[in-house]
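The values are calculated or read from the model by the stated rules, or taken from the named source; none is laboratory data. Since this is a predicted model, take the numbers as computed values, not measurements. Positions of Cβ are backbone-derived with ideal geometry, glycine not excepted, and every protein chain shown enters the neighbour counts.
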Amino acid sequence: MQAGKLRHRVTFKSPSTGQDEIGQPIDTWTPMDPIWADVRFPSGLESVRAGTVAVFKRASIQVRHRTDLAENMRVEFDGVDYEVKSIAPDPTNARYLSVVAEAVQ
């Protein structure tokens, strides 16, 4: 992949615990610094759950290789949060990671 193809800005978020206004613990997401990525949407998936059709928006995200990403994170792109489903080295270039993520419902 050429560096010029990393044309989208994404922000990975790690899970953390915070407090609400009355001091109760709440789960939050702490954003990391935005990075450049190549974001693609290969296809939509449909599934029937409890008699209704659910549509899943899945993204394939290519980023430069880094060690601070994990599968329990989320990634924000274009105002939408996606749950990271898997992270693997790009099979064509070890300097990049392939991240599969699914839109948070």
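For segment 59-76, which residues satisfy the criterion of being polar (S, T, N, Q) and surrounded by 13 or more Cβ atoms within 10 Å (Cβ to Cβ)?
Scanning segment 59-76 gives Ser60, Gln62.
I need every pair where a residue in segment 1-17 that is small (Gly, Ala, Ser) and at pLDDT 90 or above has its Cβ under 8 Å from the Cβ of a residue that is part of a strand (DSSP E or B) and surrounded by 10 or more Cβ atoms within 10 Å (Cβ to Cβ), sequence separation at least 6 or different chains.
As it stands, the answer is Ser14/Trp29; Ser14/Thr30; Ser16/Thr28; Ser16/Trp29; Ser16/Thr30, since those pairs meet every condition given.
Do you know which residues across segment 53-83 are without any contact (Cβ under 8 Å) to a residue 60 or more places away in the chain, among the β-branched types (Val, Ile, Thr) and in contact with a strand residue (DSSP E or B) (Cβ under 8 Å, 6 or more places away or on another chain)?
If the condition is that a residue be without any contact (Cβ under 8 Å) to a residue 60 or more places away in the chain, among the β-branched types (Val, Ile, Thr) and in contact with a strand residue (DSSP E or B) (Cβ under 8 Å, 6 or more places away or on another chain), then Val53, Val55, Ile61, Val63, Val80 are the ones that fit.
For every residue, the table says whether it meets (1) under 20 Å from Asp33 (Cβ atoms); (2) modelled with pLDDT under 95; (3) in a strand (DSSP E or B).
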| residue | (1), (2), (3) |
| --- | --- |
| Thr67 | yes, yes, no |
| Val84 | yes, no, yes |
| Asn93 | no, yes, no |
| Val99 | yes, no, yes |
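At pLDDT below 85, in a strand (DSSP E or B) and under 16 Å from Val104 (Cα atoms): which single residue out of Val48, Val55 fits that description? Steps first, please.
Numbers: Val48 fails: under 16 Å from Val104 (Cα atoms).
Result: Val55 is the single residue among Val48, Val55 that is at pLDDT below 85, in a strand (DSSP E or B) and under 16 Å from Val104 (Cα atoms).
Can you confirm whether segment 19-35 contains a residue that is acidic (Asp, Glu) and at pLDDT 95 or above? Break it down stepwise before answering.
Taking segment 19-35 first, the residues acidic (Asp, Glu) are 20-21, 27, 33.
Imposing the further condition that a residue be at pLDDT 95 or above reduces the set to 33.
Taking every residue of segment 19-35 in turn, at least one turns out to be acidic (Asp, Glu) and at pLDDT 95 or above.
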